[in-house]
Amino acid sequence: MSTIASDLRVKVRPSEARGHVDAGWLKSAHSFSFANYFDRNNMNFHNLRVINDDWVAAGGGFPMHPHENFEIFSYMLEGALAHEDTMGNGSTVRKGGIQFMSTGSGVQHSEFNPSSTDETHLLQIWLIPDRKNTTPRYEMLELDDIARDGNLQLFLSHDGRDGSIRTEAAADVYSGKLNSNDTIRFELADERVVYVHVARGEVQINGETLKDGDAIEAEGNGTLELTNGENAEVVLFHLSPRR
């Protein structure tokens, strides 16, 4: 890791280092080991376990399958995703929306692209919960373009504050958008860590230029400064370290 702010250690994770899958109906880039992509040195970043950058072809999708003891959400970038589960939920989330499941003691669900013509683009993200075998939950939330224009909008948190979805993981997750004149500063302290994934566009973080699919890991005490955005959209994870 390189130090680019006082006592702040930052590691860049380039997009090309991700694992890639092409199943025809699904094209995906895996930030961490997942399915057929395995790297024992890249299993997770603390309690952040999965970031899959998924492109789902028209009509494609995942049939009913089980999950347990993960906090899973879809972060929609383009198109739509239809969801059904064994809790009785059935819904469709679209660009700018969040679809969340706290899978706890176990749930099955399916998800597919309901369009007959358009691809769906999303980030599928898994967090490791602090507590196991809790009662499964499902929620949706629409991100606010105004609230995250040059700012960070909290949309997932350990305590459900400020209108965010509550998660069993020790994590606060934010979405932000930046263009040329925007600056976002985020303070790290109290031994917490940060992971920033660039969902699209280009942005500088403490002087490092990051593009679509790049990410950074940050640990220590100091300030992350996001500047010089070009149609940039980022997802920032503020996490408690796993011991």
> Residue check, residue 180 against (1) under 20 Å from residue 81 (Cα atoms); (2) at pLDDT below 95, all met but one. Which one?
Replying inline: (1)
> In segment 68-155, which strands (runs of 3 or more DSSP E) lie fully inside it and hold 1 or more residues that are under 17 Å from the mean Cα position of the chain (by Cα)?
Replying inline: 71-78, 80-85, 90-94, 97-102, 120-127, 137-142
> Can we say residue 189 is aliphatic (A, V, I, L, M) and surrounded by fewer than 18 Cβ atoms within 10 Å (Cβ to Cβ)?
Replying inline: yes
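Answer with yes or no whether residue 188 is among the hydrophobic types (A, V, I, L, M, F, W, C) and at pLDDT below 95.
Spelling it out, residue 188 is indeed among the hydrophobic types (A, V, I, L, M, F, W, C) and at pLDDT below 95.
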> Across segment 211-243, what is the number of residues that are in contact with a helix residue (DSSP H, G or I) (Cβ under 9 Å, 6 or more places away or on another chain) and of a type outside the set (D, E, K, R)?
Replying inline: 2
> Restricting attention to segment 220-228, does a residue exist that is of a type in the set (Asp, Glu), within 17 Å of residue 182 (Cα to Cα), in a strand (DSSP E or B) and modelled with pLDDT of 95 or more?
Replying inline: yes
> Restricting the search to segment 140-150, which residues are without any contact (Cβ under 8 Å) to a residue 40 or more places away in the chain and either at negative phi or in contact with a helix residue (DSSP H, G or I) (Cβ under 6 Å, 6 or more places away or on another chain) (or both)?
Replying inline: 144, 146, 147, 148, 149
> Would you pick out the residues in segment 156-205 that are free of Cβ contacts under 8 Å to residues at least 40 places away in the same chain and of a type in the set (Ser, Thr, Tyr)?
Replying inline: 157, 164
> Which residues, counting only those in segment 156-190, are part of a strand (DSSP E or B) and among the β-branched types (Val, Ile, Thr)?
Replying inline: 165, 173, 184
> Can you name every residue in segment 34-51 that is in contact (Cβ under 8 Å) with a residue 12 or more places away in the chain and either closer than 19 Å to residue 194 by Cα or of a type in the set (D, E, K, R) (or both)?
Replying inline: 39, 44, 45, 46, 47, 48, 49, 50, 51
> Before we move on, is residue 40 part of a strand (DSSP E or B) and either out of contact with any Cys (no Cβ under 8 Å at 6 or more places or on another chain) or at pLDDT below 95 (or both)?
Replying inline: no
> What number of residues within segment 191-219 satisfy the criterion of being outside any strand (DSSP E or B) and touching a Leu at 6+ places or on another chain (Cβ under 7 Å)?
Replying inline: 2
> Which one of the conditions (1) farther than 26 Å from residue 170 by Cα; (2) surrounded by 17 or more Cβ atoms within 10 Å (Cβ to Cβ); (3) of a type in the set (S, T, N, Q) does residue 240 fail to meet, given that it meets all the rest?
Replying inline: (1)
> Within the bounds of segment 65-75, is there any residue that is touching a residue at least 12 places away in the same chain (Cβ under 8 Å), acidic (Asp, Glu) and crowded, with 19+ Cβ neighbours inside 10 Å?
Replying inline: yes
> Identify, please: which residue in segment 26-36 is crowded, with 16+ Cβ neighbours inside 10 Å and touching a strand residue (DSSP E or B) at 6+ places or on another chain (Cβ under 7 Å) and is, among those, farthest from residue 57 (Cα to Cα)?
Replying inline: 32
>> Can you tell me which residue is surrounded by the fewest Cβ atoms within 10 Å (Cβ to Cβ) among those in segment 1-19 that are among the small types (Gly, Ala, Ser) and modelled with pLDDT of 60 or more?
In response: 6
> Taking the condition surrounded by fewer than 21 Cβ atoms within 10 Å (Cβ to Cβ) and modelled with pLDDT of 95 or more, does residue 200 pass?
Replying inline: yes
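The values are calculated or read from the model by the stated rules, or taken from the named source; none is laboratory data. Treat the numbers as computed from the prediction; the structure is a model and nothing was measured. Using ideal geometry, Cβ is built from the backbone for each residue, glycine included, and neighbour counts are taken over all protein chains shown.
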